[in-house]
Amino acid sequence: KPRWDVLLGLEYLGLSETTISLEVANRHLFEFDDRLRGGPEDAREDDFQWAVRISRDFLHDRLNLTILALVFGSRGQNGSFERIQSSYDVTDNWNLTAGLLIFQSGEKAIFGGIGDNDRLFVKLKYSF
């Protein structure tokens, strides 16, 4: 089926050490057939999605905090998730990253029962 995708993205760098990004996308499927709904891809005639990301550096770029929200549907009715992450350069070789993933269930098949699967993560990396 033919599809038309539109994406609009904005990025604001006016605050010191801070980046704010917003992206809005809409995918329109022409000649839509209801049998496509609920399958592995759970296609919709109009699939709206938006994302916002805020990132800020601290301590002379040694600490980075990032918040990302990805929302499917205009109000999140198809599902969404948020990622809150912090990365710290302990030394030139060692980096510590920690964060949290928060999921919200939605009408899309992939987000159907995902709401109870929040995650906490920690990563210690050595580069040589």
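The values are calculated or read from the model by the stated rules, or taken from the named source; none is laboratory data. Since the structure is predicted, the reported quantities are computational estimates derived from the model, not experimental observations. Cβ placement follows ideal geometry from the backbone for every residue including glycine, while neighbour counts extend to all protein chains displayed. We work out accessible area using only protein heavy atoms, side chains counted, and drop any ligands, DNA or RNA first. Shrake-Rupley method; radii C 1.70, N 1.55, O 1.52, S 1.80 Å.
Tabulated values for the structure
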item	result
Sole exception among (1) part of a helix (DSSP H, G or I); (2) closer than 21 Å to VAL122 by Cβ; (3) of a type in the set (A, V, I, L, M, F, W, C) for ILE110, by number	(2)
Residue check, PHE58 surrounded by fewer than 16 Cβ atoms within 10 Å (Cβ to Cβ), modelled with pLDDT of 85 or more and not acidic (Asp, Glu)	yes
Subset of the range 67-124 that is among the aromatic types (Phe, Trp, Tyr) and open to solvent by less than 60 Å² (accessible area, probe 1.4 Å) - its residue that is farthest from the chain's Cα centre (by Cα)	PHE121
Scan of the range 3-26 for residues that are at pLDDT 90 or above and within 23 Å of PHE111 (Cα to Cα), ordered by number	ASP5, VAL6, LEU7, LEU22, GLU23, VAL24, ALA25, ASN26
Test: residue in the range 27-44 that is open to solvent by less than 90 Å² (accessible area, probe 1.4 Å), modelled with pLDDT of 95 or more and of a type outside the set (D, E, K, R)	no
Near pairs, Cβ below 7 angstrom, 6+ apart or cross-chain, from the range 41-65 (under 19 Å from ASP5 (Cα atoms)) to any residue that is aliphatic (A, V, I, L, M) and open to solvent by 80 Å² or more (accessible area, probe 1.4 Å)	ASP42/ILE110
Residues of the range 1-22 classified as within 22 Å of ASP57 (Cα to Cα), open to solvent by 60 Å² or more (accessible area, probe 1.4 Å) and either of a type in the set (S, T, N, Q) or in a loop (DSSP other than H, G, I, E, B) (or both), total	4
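Results for (1) touching a Ser or Thr at 6+ places or on another chain (Cβ under 7 Å); (2) not charged (D, E, K, R), shown as yes or no for each residue.
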site	(1), (2)
GLY14	no, yes
ASN26	no, yes
ARG44	no, no
GLN49	no, yes
GLY79	yes, yes
ILE84	no, yes
